[in-house]
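What follows is one structure encoded as structure tokens, with my remarks underneath.
The values are calculated or read from the model by the stated rules, or taken from the named source; none is laboratory data. None of the values given here were measured: they were computed from a predicted structure. Positions of Cβ are generated from backbone atoms using ideal geometry, with glycine treated the same way; all protein chains shown enter the neighbour counts. Ligands, DNA and RNA are stripped out before the accessible areas are found, and what is left, the full protein with its side chains, is counted by its heavy atoms. Shrake-Rupley method; radii C 1.70, N 1.55, O 1.52, S 1.80 Å.
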Amino acid sequence: MSKPKLLIIGNGRHGKDSMAEILEREFGMTFRSSSMAASEIFIYEKIKEKYDYVDAADCFHDRCNHRAEWYDMICEYNKYDRAKLAKDILNDSDCYVGMRDLSEIDECMKQGVFDLIVWVDAGDRLPNEGKDSFNVPRSRADVVIDNNGSFEIFERKVKAFGKLIFVKACKC
């Protein structure tokens with residue numbers, strides 16, 4: 001049995017990448033952040049001169065200063081197939097981290113790109129993202145992982161989730 005294909009979503013800086021890193025370390029799940037993948041695939045080339053970026057990593061690290069612009073560029077990239085970036089990422093990964101557009105999620109689910117959508121929520125301690133760069137409701141996720149306590153508590157929850165998803169899915 002192959003590993004399930006996951007989509008991890010939630011507001012900016014709420015712990016999505018941390019969740020993916022824990023699942024990678026503990027269960028061997030591979031992942032790519034949508035922002036890093038988008039920077040490498042097309043965004044860096046589009047805006048490198050505008051912001052004087054030296055490489056795709058430099059572009060990626062400055063993304064927080066241009067979230068709405070990035071959102072618009074990703075939507076444009078996916079204009080003819082709302083699942084395009086997701087399929088690009090999942091060609092060599094088990095998990096896509098950070099999709100921010102509801103129509104893209106809906107198209108991915110229609111095409112069977114993901115098996116499960118996970119929301120990471122730190123809304124009790126961090127602000128939510130603006131509607132100009134994120135239009136996905138929490139209710140769209142199949143599972144919610146709370147990240148409002150300590151990192152240790154969050155890590156315990158992610159490991160428990162991983163045991164259910166990966167160990168059972170990968171037994172032969």
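Per atom type, region 84-138 shows carbon and sulfur on 45% of its accessible surface, probed at 1.4 Å. When the Cα positions of Ile117, Ile47, Met36 are compared along the charge dipole of region 1-143, Ile117 comes out farthest toward the positive end, with charges on each C-beta of Lys, Arg, Asp and Glu.
Principal-axis analysis of the Cα atoms of the chain puts helix 151-162 at an angle of about 70° to the longest axis.
Among the chymotrypsin sites (Phe, Trp or Tyr not before Pro) in region 26-119, those located in a DSSP loop and surrounded by at most 13 other Cβ atoms within 10 Å of their own Cβ are Tyr80. Full extension of the chain between Glu76 and Asp142 gives 21.1 nm of extra length, using 0.36 nm per residue less the Cα-Cα distance. Taking Lys and Arg as +1 and Asp and Glu as -1, the other residues whose beta-carbon sits under 12 Å from that of Gly123 total -1.
Accessible surface comparison of Arg63, Arg156, Arg125, probe 1.4 Å, protein chains only, largest first: the order is Arg156, Arg125, Arg63. Spin-label model, Asp55/Met109: points 7 Å from Cα along the beta carbon direction are separated by 3.9 nm. Between rounded, prolate and oblate, where does region 113-172 land on the alpha carbon gyration tensor, with a ≥ b ≥ c its root eigenvalues, rounded for a/c under 1.5, else prolate if a/b exceeds b/c? Oblate is the answer for region 113-172, as a/c is 1.5 or above yet b/c matches or exceeds a/b. Looking at region 1-144, the accessible area is 48 square angstrom per residue; that uses a 1.4 Å probe and ignores ligands, DNA and RNA. Computed about its Cα centre, the charge dipole of region 56-118 is approximately 120 debye, with only Lys, Arg, Asp and Glu carrying charge at their Cβ. Computed over neighbours whose Cβ is under 9 Å from that of Gly12, the net charge equals +3, Lys and Arg +1, Asp and Glu -1. Summary value for the chain: 38 percent relative contact order, contacts being C-alpha pairs under 8 angstrom separated by 6+ residues. First check a/c for the chain, with a ≥ b ≥ c the square roots of the eigenvalues of its C-alpha gyration tensor; if it is under 1.5, answer rounded, and if not, answer prolate when a/b is larger than b/c or oblate otherwise. Verdict is prolate for the chain. Each eigenvalue of the Cα gyration tensor of region 53-113, multiplied by 5 and square-rooted, gives one semi-axis; in descending order these are 22, 14, 10 Å.
Model label points for Arg156 and Asp124, set 7 angstrom from Cα along the Cα-to-Cβ axis, are 1.4 nm apart. Charged side chains reduced to their Cβ positions (Lys and Arg at +1, Asp and Glu at -1) give the chain a dipole of some 700 debye around its Cα centre.
The local environment of Lys110, defined by Cβ-Cβ distances under 12 Å, has a net charge of -3 under the rule Lys, Arg +1 and Asp, Glu -1.
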